[in-house]
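**Student:** I have a structure here, written as structure tokens, and I will follow up with some questions on it.
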Amino acid sequence: FKLNAAGSAGSNATATRMTPFADAILSDSDPRKPLMWNLVGGDYKTILQNRAGGTAGNALSSIGNGILKGPDMPGIMMQSAESLFLQAAAAERGFTGNAQALYEAGIQESFNQVGAGSSSGIYNYPSGGTLTAKITAIYVQKLIALTSTNGMENWIEARRVNYPIPVADKLVNGVPVPVATNIPVRLLYPFSELSTNSENVPAQVATDAFNTKIFWDNN
């Protein structure tokens, strides 16, 4: 995603670039932004998911030095920020803990991870808002914290919270076309499962990633 141990561009060095959604959820005044994404010509240059052609990868904003710190950086199993945001949401739903304090601690941990300094006073918790407003605020900060670190978890969380995010395009003969009006609601079974265990793969689930929801998805 950046440089290999020899200091040369890695094979995926131009593969991951900033989307308009990633640009929109991070305020330009948020000190994490230039650490999470690289500026190009003094601005953030974005591209829709799965778009190809027309814009060279090096003309788009790539993952920043706050995320990609070097080939010897430690791997992440679970960020402390994610744990704190999960605890904040649980506290808002009646479990033990102070939701606002956990929310603020989660943001600070996200700042710490990318080296952005203090988060004090940058984001206010909607303490007087509805449960939905509070859960959404927690979710958005979790989404930011996991950007370029755990996209799979963010996809699961978007379905769980029912947060609207833009759909991706797919490539058909090199031309991007809309896939659907919603994001995929489940992963499809891999070909290995279809070819070796097809009798146990439900027919619709095998082909429909946009409508056949997993059992816990009530949104």
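The values are calculated or read from the model by the stated rules, or taken from the named source; none is laboratory data. Just so you know, these numbers come straight off a predicted model, no measurement behind them. Methodologically, a virtual Cβ is constructed for each residue, glycine included, from the backbone with ideal geometry; neighbour enumeration extends over all protein chains shown. Calculation scope for accessible area: heavy atoms of the full protein, side chains included, ligands and nucleic acids excluded. Shrake-Rupley method; radii C 1.70, N 1.55, O 1.52, S 1.80 Å.
**Student:** In segment 190-212, what residues are open to solvent by 70 Å² or more (accessible area, probe 1.4 Å) and either β-branched (Val, Ile, Thr) or modelled with pLDDT under 85 (or both)?
**Tutor:** Across segment 190-212, the qualifying residues are Thr196, Ala203, Gln204, Thr207, Asn211.
**Student:** I've got another one for you. Kindly provide the set of residues from segment 8-50 that are charged (D, E, K, R) and closer than 19 Å to Asn112 by Cα, ordered by number.
**Tutor:** Within segment 8-50, Asp28, Asp30, Arg32, Lys33 qualify.
Let's see how each residue does on (1) in a loop (DSSP other than H, G, I, E, B); (2) under 21 Å from Glu153 (Cα atoms); (3) open to solvent by less than 40 Å² (accessible area, probe 1.4 Å):
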position	(1), (2), (3)
Ala13	yes, no, yes
Gln49	yes, yes, no
Phe85	no, yes, yes
Gly97	yes, no, no
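**Student:** Sort out which residues of segment 19-34 are part of a loop (DSSP other than H, G, I, E, B) and either modelled with pLDDT of 90 or more or small (Gly, Ala, Ser) (or both), and write them in order of number.
**Tutor:** Leu26, Ser27, Asp28, Ser29, Asp30, Pro31, Arg32, listed by residue number.
**Student:** Under 7 Å between Cβ atoms, at least 6 apart or on separate chains: pull out the pairs that start in segment 101-112 with a residue that is open to solvent by 50 Å² or more (accessible area, probe 1.4 Å) and end on any residue that is assigned to a helix (DSSP H, G or I) and modelled with pLDDT of 95 or more.
**Tutor:** From residues that are open to solvent by 50 Å² or more (accessible area, probe 1.4 Å), the pairs are Glu109/Ser80; Glu109/Ala81; Glu109/Leu84.
**Student:** Do you know which of the residues in segment 2-11 that are out of contact with any Asp or Glu (no Cβ under 9 Å at 6 or more places or on another chain) and on the phi < 0 side of the Ramachandran plot is surrounded by the most Cβ atoms within 10 Å (Cβ to Cβ)?
**Tutor:** Just the residues of segment 2-11 that are out of contact with any Asp or Glu (no Cβ under 9 Å at 6 or more places or on another chain), to begin with: 2-4, 6-11.
Next, from what is left, pick out any that are on the phi < 0 side of the Ramachandran plot: 2-4, 6, 8-11.
Details: Lys2: 19, Leu3: 13, Asn4: 11, Ala6: 7, Ser8: 9, Ala9: 12, Gly10: 15, Ser11: 9.
Going through the qualifying residues, I end up with Lys2.
**Student:** Oh, and also: Among the residues of segment 118-151, which ones are in a loop (DSSP other than H, G, I, E, B) and surrounded by 12 or more Cβ atoms within 10 Å (Cβ to Cβ)? Explain how you work it out, then say what you get.
**Tutor:** Step one: of segment 118-151, the residues in a loop (DSSP other than H, G, I, E, B) are 118-130, 146-150.
Within segment 118-151, Ser119, Ile122, Tyr123, Tyr125, Pro126, Gly129, Leu146, Thr147, Ser148, Thr149, Asn150 qualify.
**Student:** Any residue that is open to solvent by 40 Å² or more (accessible area, probe 1.4 Å) and over 16 Å from the mean Cα position of the chain (by Cα) - is there at least one of those in segment 18-26?
**Tutor:** Within segment 18-26 (the criterion being open to solvent by 40 Å² or more (accessible area, probe 1.4 Å) and over 16 Å from the mean Cα position of the chain (by Cα)), the answer is no, since none of the residues qualifies.
**Student:** Might you check whether a residue that is in a loop (DSSP other than H, G, I, E, B), at pLDDT below 90, touching a helix residue (DSSP H, G or I) at 6+ places or on another chain (Cβ under 8 Å) and of a type outside the set (S, T, N, Q) occurs anywhere in segment 55-65?
**Tutor:** Looking for residues that are in a loop (DSSP other than H, G, I, E, B), at pLDDT below 90, touching a helix residue (DSSP H, G or I) at 6+ places or on another chain (Cβ under 8 Å) and of a type outside the set (S, T, N, Q), one finds none in segment 55-65, hence no.
**Student:** Please give the number of the condition Gly66 fails out of (1) in contact (Cβ under 8 Å) with a residue 60 or more places away in the chain; (2) open to solvent by less than 60 Å² (accessible area, probe 1.4 Å); (3) closer than 24 Å to Ser8 by Cα.
**Tutor:** That leaves (1) as the condition not met.
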